[in-house]
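A.B. asks: If you scroll down you'll find the structure; I have some questions about it.
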2 protein chains.
Amino acid sequence: MIEFPKPTVDQFFRTYVITNFAVSSDEERLIFSSNLNGKMNLWAMNLPDTFPYLFAQKDESCSFIKFDPQNRYVLAGFDQDGDENHHIYAIPNEGGIPQALISGDAAEKYFFTDVSNDGERIYYMTSEENPSFLNTRVRNLANGTDTLLNTGEVSPTELAAVSNKEDAFVYIRAFANTYVIGFVKTGDEQHSLTPDPDEVHITFDPIFIDDNTIYFITDYESEYSYIAKFDLASKQFSPVVNVNDESIQSLKWNKEKNAFYFITEDGVQDKLYQYDLASQDIQELSAPVDVIDQIQVANSGNLYVLGRSATIPHNIFQSSDGVEWKQLTNNRVLGLTKEDMVEPDVISYQSFDGMEMEALLFRAKPENDNGYTIFWPHGGPQASERKMFRAMFQCFLNRGYTIFAPNFRGSTGYGSSFVKLVEQDWGEGPRLDCVAGIEWLFENHITDREKLFLVGGSYGGYMALLLHGRHSDYFKAVVDIFGPSDLFTFVNSVPPHWKPIMERWLGDPERDKERFIKDSPVTYLDGMVKPMLVIQGAKDPRVVKEESDQIVAKLNDEGRDVEYLVLEDEGHGFSKKENEIKVYTRMLDFLEKHQA
Amino acid sequence: MIEFPKPTVDQFFRTYVITNFAVSSDEERLIFSSNLNGKMNLWAMNLPDTFPYLFAQKDESCSFIKFDPQNRYVLAGFDQDGDENHHIYAIPNEGGIPQALISGDAAEKYFFTDVSNDGERIYYMTSEENPSFLNTRVRNLANGTDTLLNTGEVSPTELAAVSNKEDAFVYIRAFANTYVIGFVKTGDEQHSLTPDPDEVHITFDPIFIDDNTIYFITDYESEYSYIAKFDLASKQFSPVVNVNDESIQSLKWNKEKNAFYFITEDGVQDKLYQYDLASQDIQELSAPVDVIDQIQVANSGNLYVLGRSATIPHNIFQSSDGVEWKQLTNNRVLGLTKEDMVEPDVISYQSFDGMEMEALLFRAKPENDNGYTIFWPHGGPQASERKMFRAMFQCFLNRGYTIFAPNFRGSTGYGSSFVKLVEQDWGEGPRLDCVAGIEWLFENHITDREKLFLVGGSYGGYMALLLHGRHSDYFKAVVDIFGPSDLFTFVNSVPPHWKPIMERWLGDPERDKERFIKDSPVTYLDGMVKPMLVIQGAKDPRVVKEESDQIVAKLNDEGRDVEYLVLEDEGHGFSKKENEIKVYTRMLDFLEKHQA
């Protein structure tokens, strides 16, 4: 009777992100960070009521939310326009404007670890006086003192857990994404949590379950990360729980239930488990979404999960048993149901060397299909493309584009060895995995050879540039979102506390000069002959603006067809609704223009 | 332990407005219009869940929301940047982008009245071809026809009710705010709802409770409006219910309960009643707020109320019995509790001629008090200042200003005669009531003679200009928000369908030339010697921008201290969060500057 047109771009970008949340100990209040009103702010709900109210106005991205255990204030971390220089702010218990509490020069960083049970001592790390390795300090709110607790050495060193008596401290030290050691300090003593810190492995999420026992996650001598424990009295390390071929993540402890809760990473989706310490039973719970961003276990045992699925934007869920879930938030795509959107197929293909690659294939619905495919190499690279809502993807799909996103070597979720394959090999193996994926698309008649676009961000932007430079025949046009264009400049432009991990991750520009040349997109400038759109946040601290400036300048010098969009108040991502809409509208216009 | 500063301006302006709402017949969905995300859009909640989701993105003010009785679409009216040229839009049942449905030239108006039970015929009025008196039409969605039902004559004529069989129609015709007649048309017959349409009285909210019986509100031969009925068979008028010294407003009918629900206006606050038709019992219900903006009664008898109190911003409440209320929304002032804000005292004082005037006195809390008072003549003028949240007021109060808001003659809520006292006397009686109020403030030692500011909007802006011109000694500085400055230009610049009502309301510029001169602020230009801030929305259709332009230009010519702030995308009010913050920050700065 009334005919309505197809959904517009705008509808997909009216979803918001929920980046993190916290629940008060009495479970009467839940606070979450979201750009619900256009910019990132904190919102609260007084449970069981769920209507959200503005809790803290800051218009900036939030790195953590922590309730004072005594409910006198709330702590939160904010940076500025995406510069990732987070400072620690306090907000009155009734809400308000965040006040800088642990803060200093705008260029310094202040990372929160923990607050004491009486709410008087705040443990944090800072780049102040130690930008590469970080210092750990404790701020005493009662007497105003601020004391140095640990000087970071060798590599970035973070305080990761504080014992109940505040006399034992677990630090983790990162040499790479795949090499993070943990050690516990008590007085003058220091012990590695794992038997041999010289072995390459990771250690994270340490928890003191009593004064002498630390549980944590590690992949020490294993392909998949598992739960281990360290006994402070006996100095004994022992593996506790593993889940076959699934990497354990996000360990949480519930004292009342004497149980751990954890997530496992199983390829493109997550699973949720409960581990009963007394019975040693592992029970898989039913997760309300495919990808879990955050989990909190209340004292009562109630579970709170923030997550998303391919067709479900960020939402927060609550459950008393891990089986039945109540959706507390209602973040949805304006005017669309799950059924109007596309769930990906999980496919696998053989790469150049016979290795199996998993990929997500989002097929445009027949009624929308425009015949074109977007090839999407994910960022990270030590991350993966997963079954998680991206407004951009669902919008592309609605416009008729099929999307192919391979988890090339270096991706997480497929074991420790696989992740390490990208280290010191940014441009060869993963690139050939992408090429094999492209050929798979053609062989399986999913994509016409004349109808392929290339879009990627961060490492995916780097890969887009590199694939463009070396395999331009494949693509009609290319979109690079803050991708490094020159590994020589990139390796020196990352934040100071990233530099120590560059060696293992990327390599050394002098020792590995030949490889850096071979793997730098700028080397293949001559090959970049297809139309290109480059998008960059001016405040990006990870891939600085110069990485995009220089490739755009060089392409312009060569007279290539290149468009350049710079967002002045964004970093490595687009947090502000207006910017997000600007970016994706521009991308859609660019792709449409180059379909001809 | 952590000291937090006083609330900032920004905190007060992070509340939002909720202008109207609708509940679906099955009560499974509630849709409301709000600037929750910065601009006016429609939000929905799937009851009993209350977490709101964006239902329609339009970024414009909404005049009505109506569910298709068959749940295939939702209708809503939107204007453009506050121009009040509302058009009728359709939105898919699952939400989306509103599509113009009954619409035309941007300068035309389309006002919704009703939709048939099958959802196929939409009754509406339009300025098209009849800008002064309006035509009534019916759009048939099934066959696409659009038929003229009534040609407005004599004065603006609106369709106000349609019988169930769609064969009888009640129209109301306005000659003034205080003179609105109602008549019912069936075929070629036409009957006045009240015995004598030539008597000055008002008629509104007609409801067909069956094919032959129309209930409505009128003040025919009474100081206070009451419920009356008209029998179509016998053509009999009969009064039904009155509430002593309270004017009945917003009549709602519930068939299942055989009961009416209505609000009464009792001076500065509202009351809520239920009237049982069978027993003729009137029961006062407990209203959740002091001022009710909208009430809806579901088929089940559940009540939904949108309203506010002095310290409670717009919120929506639900009740099954009119006693216990559940607050569905949670609109609050960021970081403040009710106790942090100020409830007004209701005071009364004698005016120049002995007449009693009621006024709201908001006293700054001692810890905030800056010694200054803001005198606030309300807009309308046939309206009143009531116990309703104004972010502006609570922010002024928090900054230490006391606020005095008199309900001078012409205000509503004090009987029909009192309202009429402003008609054809805009500048004398009400002005002297204001002067008496100012003297009362001095006499009662509430305000120092040297510490009074004057702020008003719309008619209140006119009064601010006039008081400034004629009594400038009273004031330190003056803020005029879209106030008419010259009655000769104003009377000709109002929207066409307002012109027929200007005669009784304001008068005739030729016949009443002397009075127009006497009552025009511009006449007293020489007296306007205090610093002034003038604020105007460029799209304002009620008090056009020229009204502010001309007074600012003349003051500038005289070398007076005048600041001028124009909002390009606003009308008679400030609907966009950014504009609101800009306006009120500017006002606060202006007042602070002129405290010295």
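Quick note: the coordinates plus some simple rules give every number you see, no bench work behind them. Treat the numbers as computed from the prediction; the structure is a model and nothing was measured. Using ideal geometry, Cβ is built from the backbone for each residue, glycine included, and neighbour counts are taken over all protein chains shown.
A.B. asks: For segment B:351-390, taking Cα atoms only, what is the radius of gyration to one decimal and the Dmax to the nearest whole Å?
C.D. replies: Rg then Dmax for segment B:351-390, in Å: 13.1, 37.
A.B. asks: While we're on this one: What average number of partner chain Cβ atoms lie no more than 10 Å from the Cβ of the residues making up A:41-51?
C.D. replies: 3
A.B. asks: Okay, next question. Say a paramagnetic label sat at a point 7 Å from the Cα of B:E94, along Cα to Cβ; which residues of segment A:315-337 have their backbone N under 12 Å from it?
C.D. replies: Residues A:333-337 qualify, since their backbone N sits under 12 Å from the label point.
A.B. asks: From a point 7 Å beyond the Cα of A:D26 in the direction of its Cβ, which residues of segment A:37-67 have a backbone N at a distance under 14 Å?
C.D. replies: Under cut-off, by backbone N: A:46-48.
A.B. asks: Run the label-point distances for A:F488 please: 7 Å along Cα to Cβ, every other copy, nanometres, shortest first.
C.D. replies: Those label-point separations list as 7.9 nm.
A.B. asks: Relative to the other copies, what are the label-point distances for A:F352, with labels 7 Å from Cα along the C-beta vector, expressed in nm at one decimal and sorted shortest first?
C.D. replies: Label-point separations across copies, in nm and ascending: 9.4.
A.B. asks: Could I ask something else about it? Sort A:464-470, B:75-81, A:298-304 by packing, meaning the average of other beta carbons within 10 Å per residue, with the highest value first.
C.D. replies: On the way: A:464-470: 25.1, B:75-81: 22.4, A:298-304: 17.4.
Ranked by mean Cβ neighbours within 10 Å, highest first: A:464-470, B:75-81, A:298-304.
A.B. asks: Place the label 7 angstrom along Cα→C-beta at B:D198 and in each other copy, then list the distances from the first to the rest in nm, shortest first.
C.D. replies: When each copy's label point is compared with this one, the spacings are 11.3 nm.
A.B. asks: What whole number of Å gives the distance from the Cα centroid of segment B:137-152 to the Cα centroid of segment A:297-335?
C.D. replies: 48 Å
A.B. asks: Please arrange A:M125, A:M1, A:M341 by how many other C-beta atoms lie within 10 Å of their C-beta, fewest to most.
C.D. replies: Lowest to highest Cβ neighbour count: A:M1, A:M341, A:M125.
A.B. asks: Next question, about the same structure. Could you check the spin-label model distance between A:E546 and A:E3? Points 7 Å from the Cα along Cα→Cβ, value in nm.
C.D. replies: Computed distance between label sites A:E546 and A:E3 equals 5.6 nm.
A.B. asks: If I take R0 = 30 Å and measure r between the Cβ atoms of A:R586 and B:D105 in this structure, what FRET efficiency does the formula 1/(1 + (r/R0)^6) give, to the nearest 0.05?
C.D. replies: E between A:R586 and B:D105, to the nearest 0.05, is 0.40.
A.B. asks: If I model a spin label as a point 7 Å beyond the Cα along the Cα-Cβ vector, how far apart are those points for A:D167 and B:T145 in nm?
C.D. replies: 9.2 nm
A.B. asks: Hull surface divided by four, with the convex hull built on the Cα atoms of segment B:1-133: how many nm²? Write down the numbers at each step before the final one.
C.D. replies: Numbers: hull surface 44.0 nm².
Result: 11.0 nm².
A.B. asks: Still on this structure, please answer the following. Quick one: length gained pulling B:D561 to B:E439 fully straight, 0.36 nm per residue minus the C-alpha distance?
C.D. replies: Additional length available on full extension: 41.3 nm.
A.B. asks: How long is the gain from A:V323 to A:Q236 if the chain were fully straight, where each residue apart is worth 0.36 nm and the alpha carbon distance is subtracted?
C.D. replies: Result: 27.7 nm gained on full extension.
A.B. asks: Using alpha carbon coordinates only, what is the Rg to Rh ratio of segment B:408-528, with Rh defined as the Kirkwood radius?
C.D. replies: Rounded to two decimals, Rg/Rh equals 0.99.
A.B. asks: Among B:Y459, A:L487, A:Q280, which residue has its Cα positioned farthest towards the positive end of the charge dipole of the protein assembly as shown, with +1 placed on the Cβ of Lys and Arg, -1 on the Cβ of Asp and Glu, and the dipole taken about the Cα centre?
C.D. replies: The residue sitting farthest along the positive end of the dipole is A:L487.
A.B. asks: OK, next. Divide by every residue of chain B the summed helix terms, -39500 (n - 2.57) for each DSSP H run of at least 4, and state the resulting mean residue ellipticity at 222 nm, rounded to the nearest 500 deg cm²/dmol.
C.D. replies: Mean residue ellipticity at 222 nm (helix-derived): -4500 deg cm²/dmol.
A.B. asks: While we're looking at this one, here's another question. Loop-only trypsin sites (Lys or Arg not before Pro) in segment B:391-469, please: DSSP not H, G, I, E or B, and at most 11 other Cβ atoms within 10 Å.
C.D. replies: Those that pass, being in a loop and sparsely packed, are B:R449.
A.B. asks: What FRET efficiency do you get for B:S472 and B:D10 if R0 is 35 Å and r is their Cβ-Cβ distance, rounded to the nearest 0.05?
C.D. replies: Result of the calculation: an efficiency of 0.60.
A.B. asks: Write out the GluC sites (Glu not before Pro) in segment A:357-418 meeting two conditions: DSSP loop, and at most 10 other Cβ atoms within 10 Å of their Cβ.
C.D. replies: Within segment A:357-418, the qualifying GluC sites (Glu not before Pro) (loop, at most 10 other Cβ atoms within 10 Å) are A:E367.
A.B. asks: How big is D, in µm² s⁻¹, for chain B by Stokes-Einstein at 37 °C and 0.692 mPa s if Rh is the Kirkwood radius over C-alpha pairs?
C.D. replies: Stokes-Einstein gives a translational diffusion coefficient of 131 µm²/s.
A.B. asks: To the nearest 0.05, how large is the calculated FRET efficiency for A:S348 and A:N244 if R₀ is 22 Å and r is the Cβ-Cβ distance?
C.D. replies: On the way: r = 19 Å, r/R0 = 0.86.
So the FRET efficiency works out to roughly 0.70.
A.B. asks: Grab the eigenvalues of the alpha-carbon gyration tensor for segment B:528-596, scale each by 5, take roots, and send me the semi-axes largest first in whole angstrom.
C.D. replies: Gyration-tensor ellipsoid for segment B:528-596: 21, 17, 7 Å.
A.B. asks: Additional query: Express in % the proportion of alpha carbon pairs of the protein assembly as shown at distances exceeding 47 Å.
C.D. replies: 42 percent
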